Amino acid sequence: MSDQAEDPESAADRLEAALERIARNSAVRPTPAPVPMERPDDELSVSEIAERLDSLIARLRTALGAEAKTQ
């Protein structure tokens, strides 16, 4: 967009037109089906959940660096 001040009426008209296009397109396009999980979380054992959490914590520590290990 340009650096010049824009007429509020013109901006509102463009916004309204864009929202109408979005509404029309969303009515035409089907929403994608959710991706099925391999296994629902409620079927996981406590040890599997703990293993996943440990793995996630390790990944977070790696991502945050040595600072996270010392605190």
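The values are calculated or read from the model by the stated rules, or taken from the named source; none is laboratory data. This one's a predicted model, so the numbers in the text were calculated from it and none came from an experiment.
Let me spell it out: the conditions are (1) charged (D, E, K, R); (2) modelled with pLDDT of 85 or more; (3) under 22 Å from the mean Cα position of the chain (by Cα), and GLU38 meets all of them except one. Which number is the exception? Every condition holds for GLU38 apart from (2). Checked against the criteria, GLU67 does not count as outside any loop (DSSP other than H, G, I, E, B), among the charged types (D, E, K, R), over 22 Å from the mean Cα position of the chain (by Cα) and modelled with pLDDT of 85 or more.
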